[in-house]
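Worksheet: one structure, shown below.
The values are calculated or read from the model by the stated rules, or taken from the named source; none is laboratory data. Values in this document were obtained by computation on a predicted structure and should not be read as measured data. Every residue, glycine as well, gets a Cβ built from its backbone with ideal geometry; the counts of neighbours run over all protein chains shown. Each accessible area value is taken on the protein alone, full model and side chains, heavy atoms only, with ligands, DNA and RNA left out. Shrake-Rupley method; radii C 1.70, N 1.55, O 1.52, S 1.80 Å.
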Amino acid sequence: MTPAPTEPSIAPDPRHPSLAFRRPEVGDHARVVSAIPEWWGLPGTADLGRLLPRLFFQHFADSSTIVEDDRGALAGFLIGFRSQSQPEVAYIHFVGVRPDLRQSGLARTLYERFFDAARASGCRRVDAITGPVNRRSQDFHRAMGFELTGDTEIDGVLAWRDYDGPGEHRVAFTRAL
């Protein structure tokens, strides 16, 4: 079976003229997953790549973005999709920005582009999750207008106990479009 074609490059962004934005390809999976431990630098991140299996690059490329610098090196990515069960909801599954590009506005740009595409496809809300220890992610999501939800306080943060199984607590975010 031939994979569905994806639009290889997408509109550049004037805020990031030296960066190229494009749709992910299956071949991007290995380099994205290998960047996660270094880019996150949090305890337990060596296993985070398992949360981003190859299927996301096969089946959600049309709603996800890869960003490369002028040398072709990975600069950032956003893997997200529109919910099949709740068509009015989009979900941001995994996002990363190379550490030397943090504070450049690239993460904001990735999110805003995703919001625009989700809105255009009829979505009225975007959801995301992170772990209770990932304060940087929590702060970023709050700054982007997300609200936290949860059923208990874990490590001083509102979170859902056992969200992804026993001991797998998550901070859940939601944002109206």
Checklist entry - Quick one: net charge of residue 134's neighbours, Cβ under 11 Å, K/R +1, D/E -1? => result +1
Checklist entry - For residue 143, what is the net charge nearby, where nearby means another residue's Cβ is under 15 Å from its Cβ and Lys, Arg count +1, Asp, Glu -1? => result +3
Checklist entry - Using a probe of 1.4 angstrom, how much of the accessible area of segment 6-126 is carbon and sulfur, in percent? => result 53 percent
Checklist entry - Mind checking which of 51, 74, 106 has the largest fluctuation in a GNM of the chain, springs on alpha carbons under 10 Å? => result 51
Checklist entry - At q = 0.16, 0.19 Å⁻¹, what base-10 log of I(q)/I(0) does the Debye formula yield for segment 22-123 when every alpha carbon is treated as an equal point scatterer in vacuo? => result -0.69, -0.96
Next on the checklist: Tell me the Rg and the Dmax, in Å, that the Cα atoms of the chain produce.
Outcome noted: 15.9, 49
Checklist outcome for this item: Residue-normalised 222 nm signal for the chain, counting each DSSP H run of n ≥ 4 as -39,500 (n - 2.57), nearest 500 deg cm²/dmol, is -7000 deg cm²/dmol
Checklist outcome for this item: Taking every other residue with Cβ under 13 Å from the Cβ of residue 68 and scoring Lys and Arg +1, Asp and Glu -1, one gets 0
Checklist outcome for this item: Rounded to whole angstrom, the alpha-carbon centroid of segment 115-152 lies from that of segment 70-114 at a distance of 12 Å
